[in-house]
Structures are given as structure tokens and as C-alpha cells.
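K.L.:
For reference, the structure I am asking about is given below.
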Amino acid sequence: MQKPKYWVYNPKTNSGREIFYNKDYFIVLFGKEIFADDVFPSSDGESYLIKYYYSDLKGEWDFYVYEWKTNQEKNYLWYPRTILMDFVKDVELPKRIKNKILSKFS
């Protein structure tokens, strides 16, 4: 099975990048993710963590978007459409990921 993918995105600077396991983040007890300090693209609290992974609950791959504070506090966004559509415009993504966002949210 394919591993989840993660990106950090800052709409103020129109920038983002993929983050990688064992380089940018680590998984510790009970599946908790710990992120390296240099992962954050800004300190203004305007960053988002975008997670694309297989949800056993839904039975499909889906996107989860979190407002991301510099203290690693993450708040789930219930309506991520605007963030994901801006993300697609601003960040170079694999074609299948881009198409999945566009088909789901446009």
C-alpha cells in the first residue's frame, strides 16, 4: 500500500513543499507525528498541513487539511476547499494528486 503524502503550504507567500518521513517528520508513540522545526515555512501562523492518506473509515484516499501553528498545534479544517484550490494553483504537484483535488473540489 502507498504511504501517505504530506505538504506544508503558506497561502500568504503562495509557497509550499512536500515533507518527508525520517527527514522532516517522525512518528513516535501511538502514531503521533513530530515535525522538525525547519519544516514551517513561516512563523505568522498562516501555514497549513495537507495530508493525503488512505482512510479506513471512508475506504478511500482523501485530503485532510490542518491549520498549523509553529508550536506544532494542528487544527483540522472542516471546509478545506479554498485552501486546496489555492494549493493546486501555487504548488507543483504530481498529476494524479492535482487531478484528485480538482475533481473533488471544483
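Every number here is computed from the coordinates shown, using simple stated rules; none is lab data. Computed from a predicted structure; not experimentally measured. Glycine gets a Cβ as well: all are built from the backbone with ideal geometry, and neighbour counts include every protein chain shown.
K.L.:
Per-residue counts of other Cβ atoms within 10 Å, averaged by peptide: what ranking do you get for 81-88, 52-59, highest first? Please report the intermediate quantities before stating the final value.
P.N.:
Details: 81-88: 16.8, 52-59: 10.9.
Ranked by mean Cβ neighbours within 10 Å, highest first: 81-88, 52-59.
K.L.:
Within a Cβ distance under 11 Å of Tyr76, other residues only, what is the Lys/Arg minus Asp/Glu net charge?
P.N.:
Summing Lys and Arg as +1 and Asp and Glu as -1 gives +1.
K.L.:
Under a plain spin-label model, where a point goes 7 Å from the Cα along Cα-to-Cβ, how far apart in nm are Ser103 and Thr13?
P.N.:
Taking the two extended label points, one gets 3.3 nm.
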